[in-house]
Amino acid sequence: KKTDFDIIMQMRRVIFADKVMVNMLEGATVEASILCEVLINGEWIGVKIRPDVITKNCEVPDYKTTANMNPEKFGRDAHDRGYWLKQAFIGDVLAAAYKRPFKVGLLAQGKSAPYIHQLYWMTADQISIGREQYTYALTTYNKCNKSDSWPAYFDGATDLPTPDYLVRRYEFDEVEIKFEEE
């Protein structure tokens, strides 16, 4: 839609009005796909990465739009949405492919005016946690793929959990239900 296009162009203008961002993005490679195999726990696993941007200085900022630019909130969201895993994996694959280190991060931009942006570089701890997450995920995927067994959360049926906030919202009193005997 024209309105969406206009918003995208406004967002783009904000980022390219920042001289630091222009310098970083100048000469960058955009949306390059890399297909390869990675060795995880002694097993070769075929993977594909497609970083948003790879800069001339070996930086890999993943572009994310967000409704909430609050650093604490965005930091939580980055973990909960798997960005640590994704960026750690992309950085490791690029480092292996190009035989040099890559700096990974997130370029967050607000979805509403004034479309502010913030570049966040991932910390060593975040990358380490992301590495553990992707190693576990790829190992599990490879095991399930080989065995063609894709387990659910539980074996068999289980009760549907009630989230704690709903338990606190409702008062559950004992209710006696009687049925007429035939």
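A few notes on this one:
- Selection of region 72-122 for residues being open to solvent by less than 40 Å² (accessible area, probe 1.4 Å), in a loop (DSSP other than H, G, I, E, B) and touching a strand residue (DSSP E or B) at 6+ places or on another chain (Cβ under 7 Å) yields PHE102, TYR115, MET122.
- Index of the failed condition, SER149 passing every other in (1) over 21 Å from the mean Cα position of the chain (by Cα); (2) polar (S, T, N, Q); (3) closer than 30 Å to ALA17 by Cβ: (3)
- Pairs meeting the criteria (first residue in region 97-124 and under 16 Å from THR55 (Cα atoms), second residue modelled with pLDDT of 95 or more and part of a loop (DSSP other than H, G, I, E, B), beta carbons under 6 Å, at least 6 apart or on different chains) are PHE102/CYS58; VAL104/MET122; GLY105/MET122.
- Scanning region 125-141 for residues that are open to solvent by 80 Å² or more (accessible area, probe 1.4 Å) and at pLDDT 95 or above yields a count of 4.
- Qualifying residue in region 150-161 (condition: over 26 Å from LYS86 (Cβ atoms), modelled with pLDDT of 90 or more and β-branched (Val, Ile, Thr)): yes
- Filter result for the condition that a residue is surrounded by 16 or more Cβ atoms within 10 Å (Cβ to Cβ) and among the basic types (Lys, Arg), over LYS56, LYS64: LYS64
- Taking the numbered list (1) of a type in the set (A, V, I, L, M, F, W, C); (2) over 19 Å from ILE90 (Cβ atoms); (3) modelled with pLDDT of 95 or more in turn, MET69 passes all entries but (3).
- Close contacts from region 37-49, counting a first residue that is exposed (fewer than 15 other Cβ atoms within 10 Å of the Cβ) and a second that is of a type in the set (Asp, Glu), with Cβ to Cβ under 6 Å and a gap of 6+ residues or different chains, come to TRP44/GLU37; GLY46/GLU37.
The values are calculated or read from the model by the stated rules, or taken from the named source; none is laboratory data. Note that the structure is predicted; figures quoted are calculated from it, not measured. Every residue, glycine as well, gets a Cβ built from its backbone with ideal geometry; the counts of neighbours run over all protein chains shown. Quick note on the areas: whole protein, heavy atoms, side chains included, nothing else; ligands and nucleic acids left out. Shrake-Rupley method; radii C 1.70, N 1.55, O 1.52, S 1.80 Å.
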